[in-house]
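What follows is a set of notes on a single structure, which appears directly below.
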Amino acid sequence: MIIVGLTGGIGSGKSTVAKVFEILGVKIYNSDERAKELYFVPYIKVEIEKLLGKKAYVSATTLNKKHISEKIFSDNELLKQVNAIIHTEVKKDSDAFAKTHANEKYIIKESALLVEAKLLSSIDKLLVVTSNINLRKQRVALRDGFSEEEISKRMAQQMPEEEKIKLADWVLENNEENLLIPQIIKIHQSLMA
């Protein structure tokens with residue numbers, strides 16, 4: 001089985017690309033979604049509350065995203081500590097997912113911070129989704145309602161696309177000029193061959 005890492009900057013369209021692969025029958029591990037769920041594992045919750053306070057949780061099932069964002073995006077050391085906890089747990093969880101789907105030709109591990117979190121050793125191939133910065137900002141503003149400043153803070157925490165492209169086995173352009181599905185099908189066919 002081949003593990004394909006799917007990454008790209010915020011607003012590049014990783015989730016859209018993952019959905020198309022999923023329609024093609026590919027098993028998708030969404031690191032970002034699983035990370036949000038792992039915050040509620042009791043021993044992880046204790047560690048997060050030590051770092052961010054009890055305000056990090058609105059309830060037993062809801063994170064206080066605004067509080068967490070304000071804390072970690074204004075303190076790099078705190079961001080590193082939270083990431084160390086969550087990335088370790090996501091790695092264990094994704095390894096278990098891969099074992100469960102070991103009979104597949106390939107699976108996709110979707111993660112916004114795949115390269116930044118130094119997780120390249122956990123994948124066999126890298127697919128980078130790119131898009132121009134203005135389009136990415138528009139998508140994030142529409143999707144999340146973030147201000148220009150909030151979007152810029154998040155983008156600053158991610159490696160520039162150009163650096164990720166250098167590491168990529170495939171680059172998928174998700175802009176308004178190139179059709180997305182034919183690019184995905186071409187990659188899918190090469191992996192199924």
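The values are calculated or read from the model by the stated rules, or taken from the named source; none is laboratory data. Computed from a prediction, not measured in an experiment: that's the story for all the values here. We place every Cβ from the backbone using ideal geometry, glycine too, and count neighbours over all the protein chains shown. Accessible surface areas use protein heavy atoms only, side chains included; no ligands, DNA or RNA. Shrake-Rupley method; radii C 1.70, N 1.55, O 1.52, S 1.80 Å.
What GluC sites (Glu not before Pro) does segment 109-182 have in DSSP loop regions with at most 14 other beta carbons within 10 Å?
Working: sites: GLU110, GLU116, GLU148, GLU149, GLU150, GLU161, GLU162, GLU163, GLU173, GLU176, GLU177; in loops: GLU116, GLU176, GLU177.
Here the sparse-neighbourhood loop sites are GLU176, GLU177.
Which residues does the label zone of ASN132 cover in segment 7-35, counting backbone N under 18 Å from a point 7 Å along Cα→Cβ?
Residues 9-13 fall inside that zone.
In terms of the Cα gyration tensor, with a ≥ b ≥ c the square roots of its eigenvalues, is the chain rounded because a/c is under 1.5, prolate because a/b exceeds b/c, or oblate? Write down the numbers at each step before the final one.
On the way: a/c = 2.00, a/b = 1.32, b/c = 1.52.
Oblate.
Using DSSP to call loops (not H, G, I, E or B), can you name the trypsin sites (Lys or Arg not before Pro) in segment 99-141 whose Cβ has at most 11 other Cβ atoms within 10 angstrom? Can you show the working numbers first?
On the way: sites: LYS99, LYS105, LYS109, LYS118, LYS125, ARG136, LYS137, ARG139; in loops: LYS105, LYS118.
Filter output for segment 99-141: LYS118.
Straight-line reach from LYS19: which lysines have Cα under 16 Å away, leaving out those fewer than 8 places along the same chain?
By straight Cα distance, LYS19 reaches LYS27, LYS109, LYS186.
On the protein heavy atoms, probe 1.4 angstrom, tell me the percent of accessible surface of the chain carried by carbon and sulfur.
Values: 5740 of 10620 Å².
That share works out to 54 percent.
Given a cut-off of under 8 Å on Cα pairs at least six residues apart, what relative contact order in percent is computed for the chain? Working shown, then result.
Values: 246 pairs, mean separation 74.1, N = 193.
Relative CO of the chain lands at 38 percent.
Quick one: if you stick a label point 7 Å off each Cα along the C-beta vector at ALA156 and SER59, how many nm between them?
According to this spin-label approximation, the distance is 3.4 nm.
Tell me, what is the per residue accessible area of the chain in Å², probe radius 1.4 Å? Before the final figure, lay out each step's value.
On the way: 10620 Å² over 193 residues.
So the chain comes to 55 Å² accessible per residue, rounded to a whole number.
List the aspartates and glutamates whose Cα lies under 20 Å from the Cα of LYS66, skipping any in the same chain that are fewer than 8 positions away.
Answer for LYS66, where 20 Å is the Cα cut-off: ASP32, GLU33, GLU37, GLU47, GLU49, ASP75, GLU77, ASP144, GLU148, GLU149, GLU150, listed by chain and number.
Suppose the chain between LYS118 and VAL46 were pulled fully straight at 0.36 nm per residue; how much longer would it get relative to their current alpha carbon spacing?
Details: separation 72, 0.36 × 72 = 25.92 nm, distance 2.50 nm.
Difference between extended and current length: 23.4 nm.
Taking LYS80 as the anchor, which aspartates and glutamates have their alpha carbon closer than 13 Å to its alpha carbon, excluding any fewer than eight residues away along the same chain?
Answer for LYS80, where 13 Å is the Cα cut-off: GLU116, listed by chain and number.
Which value, in Å² rounded to 10, gives the accessible area of LYS153 with a 1.4 Å probe and all protein chains present?
Accessible area of LYS153: about 90 Å².
Taking the chain as a Gaussian network, where each spring joins two C-alpha atoms under 10 Å apart, which residue of LYS50, LYS80, LYS14 fluctuates the most?
In the Gaussian network model the winner is LYS50.
Net charge within 15 Å of VAL26 by Cβ-Cβ distance, Lys/Arg positive one each and Asp/Glu negative one each, not counting VAL26 itself?
Working: positive: LYS14, LYS19, LYS27, LYS105, LYS109, LYS125, LYS186; negative: GLU22, GLU104, GLU110, ASP124.
My count for the surroundings of VAL26 gives +3.
For the chain, what is the calculated [θ] at 222 nm in deg cm²/dmol (nearest 500), taking -39500 (n - 2.57) for each run of four or more DSSP H residues and dividing by its residue count? The partial results should precede the final answer.
Working: 9 runs with 103 residues, N = 193.
Roughly -16500 deg cm²/dmol at 222 nm, from the helical runs in the chain.
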